[in-house]
Amino acid sequence: MTPRTSTRASGARTGAVVGAVVLSLGLSACSAAGRPGAAAVVDGRVVAEADVQAAVSELPLEITQGTRVDPVQIVSLLVAADAVEAVAREFTEQSPADLFATDEDAQEFLDAVDVEAGRGPQEYSEATLQVIATNLMLSNLQQTDVAAPALQEAITGLQDADVSINPRYGTVGEQGELQFGDFRRDWLPETATDAQATPQG
């Protein structure tokens, strides 16, 4: 049996490869505005805005070219996470390389970044670890000869999912396609909680 090699320590920059999978998807999608605090919902799994902001603030600048990652990239990675994980697991069986990445792999990756930057070990949220793990898996897949079918299968998996998106982070086209990138910072969901938090003039 051919031993597997690992491609996990690939040094992929966070968000750099997500466009290949997410940005041009045609999804059956709707607005997530009815779910207070949700950036997106994927088959009932809520991507919380608090988690998005945690990942934005926690990701080391050394892997983001010295700037904070756009929240849109974080949302797109978290939306794609389940589909990418499923594909990485499946195609690991067809590849001599281990394409899958766990939260532990993500923590190891971040620890190495922190050590190189002269910092001690940092604590990272589950969302940040998921962002890194997903990005590592995407990078791993792109470095193999199964990249094209694997990424297409991830796209198909997302197309089959029930996805809704908060208009802060994306828009839904006339044909139901979900497009990330329209980050409307002035958008406020019309919820009772928000209404109560708004000062009355």
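The values are calculated or read from the model by the stated rules, or taken from the named source; none is laboratory data. Computed from a prediction, not measured in an experiment: that's the story for all the values here. As a convention, Cβ positions derive from the backbone with ideal geometry for all residues, glycine included, and neighbour counts pool all protein chains shown.
Evaluate the following for D82: is it of a type in the set (D, E, K, R), surrounded by 18 or more Cβ atoms within 10 Å (Cβ to Cβ) and either in contact with a strand residue (DSSP E or B) (Cβ under 8 Å, 6 or more places away or on another chain) or farther than 14 Å from L138 by Cβ (or both)? Talk me through it step by step, then tell me what you get.
On the way: of a type in the set (D, E, K, R): yes; surrounded by 18 or more Cβ atoms within 10 Å (Cβ to Cβ): yes; either in contact with a strand residue (DSSP E or B) (Cβ under 8 Å, 6 or more places away or on another chain) or farther than 14 Å from L138 by Cβ (or both): yes.
When the stated conditions are applied, D82 passes them.
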Condition check for A12: of a type outside the set (F, W, Y), modelled with pLDDT under 50, outside any helix (DSSP H, G or I) and surrounded by 15 or more Cβ atoms within 10 Å (Cβ to Cβ):
yes
I need a count of the residues in segment 168-192 that are assigned to a loop (DSSP other than H, G, I, E, B), modelled with pLDDT under 85 and either within 19 Å of the chain's Cα centre (by Cα) or exposed (fewer than 15 other Cβ atoms within 10 Å of the Cβ) (or both).
16
Within segment 105-112, can one find any residue that is farther than 20 Å from V47 by Cα, more than 13 Å from the chain's Cα centre (by Cα) and assigned to a loop (DSSP other than H, G, I, E, B)?
no
Condition first: surrounded by fewer than 19 Cβ atoms within 10 Å (Cβ to Cβ) and more than 14 Å from the chain's Cα centre (by Cα). Now tell me which residues in segment 119-141 satisfy that.
R119, G120, P121, Q122, E123
Checking E93 against (1) buried (at least 18 other Cβ atoms within 10 Å of the Cβ); (2) at pLDDT below 90; (3) among the acidic types (D, E): exactly one of these is not met. Which one?
(1)
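Report, by residue number, each residue of segment 122-132 that is touching a helix residue (DSSP H, G or I) at 6+ places or on another chain (Cβ under 6 Å) and in contact (Cβ under 8 Å) with a residue 40 or more places away in the chain. Before the answer, list the steps.
Our first condition is that a residue be touching a helix residue (DSSP H, G or I) at 6+ places or on another chain (Cβ under 6 Å); within segment 122-132, this holds for 122, 124-125, 127-132.
Q122, Y124, S125, A127, T128, Q130, V131, I132, listed by residue number.
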Subset of segment 67-77 [surrounded by fewer than 23 Cβ atoms within 10 Å (Cβ to Cβ) and either aromatic (F, W, Y) or outside any loop (DSSP other than H, G, I, E, B) (or both)]:
P71, V72
Taking segment 28-60, which residues are assigned to a helix (DSSP H, G or I) and either acidic (D, E) or modelled with pLDDT under 90 (or both)?
E49, D51, E58
